[in-house]
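The values are calculated or read from the model by the stated rules, or taken from the named source; none is laboratory data. A quick note: this is a predicted structure, and the numbers were derived from the prediction, not measured. All Cβ positions, even for glycine, are placed from backbone atoms using ideal geometry, and neighbour counts span all protein chains on display. Quick note on the areas: whole protein, heavy atoms, side chains included, nothing else; ligands and nucleic acids left out. Shrake-Rupley method; radii C 1.70, N 1.55, O 1.52, S 1.80 Å.
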Amino acid sequence: MSTFLYAPGIKVYINVEPRPGKKETIDVSEDLVSGNLVRRSDGVSTFSFSLSNTRRKYDSVFKPNDRIIVMMKRLAWVRVFTGYLDKVPLVTAWPKTVDLEASCSLKRLQHWYWDPGLPQTFNLVSEALSAARGDSDAGIAE
């Protein structure tokens, strides 16, 4: 009789800058308690997760906009999320789980100011739509 073994996995890496000019990657996979990854094809994807903060080792370690990488494994490791931290713990009164949130790299475009009334913007959108006319654009170019 054969035995079926299935062991999915998740790894979470966060790039921090403890001192200006020096970057460090922290593997928080061992302290991951729970998580929720939402992949969107039409917007910013999000990753919400909780870490066990034993001995308050994550107090004042992370800052908003620190880079985060999430890898998952079914058969082989695959990078499924890359982005920036949004919500991070500053300090905790006692050791407990801390909640963090992250957005994918489209966050930078989401918060980038652009003026839709500028002539350059109009030309950019017009060129993109005219180039898409040959493809199946469901009538958007019209």
Once neighbouring chains are kept in place and the probe is 1.4 Å, which whole percent of the accessible area of the chain is contributed by carbon and sulfur? 55 percent
How far is helix 119-132 tilted, in degrees, relative to the longest principal axis of the Cα atoms in the chain, given as a value from 0 to 90 rounded to the nearest 10? 90 degrees
Residues of the chain: accessible area per residue at 1.4 Å, in Å²? 73 Å²
Using helices alone, what [θ] at 222 nm do you get for the chain, with -39,500 (n - 2.57) per DSSP H run of 4 or more residues, divided over all residues and rounded to the nearest 500? -3500 deg cm²/dmol
Nitroxide proxy distance, nm - points 7 Å out along Cα→Cβ at residue 94 and residue 118: 5.4 nm
What share of Cα pairs, in percent, lie more than 22 angstrom apart in segment 2-142? 54 percent
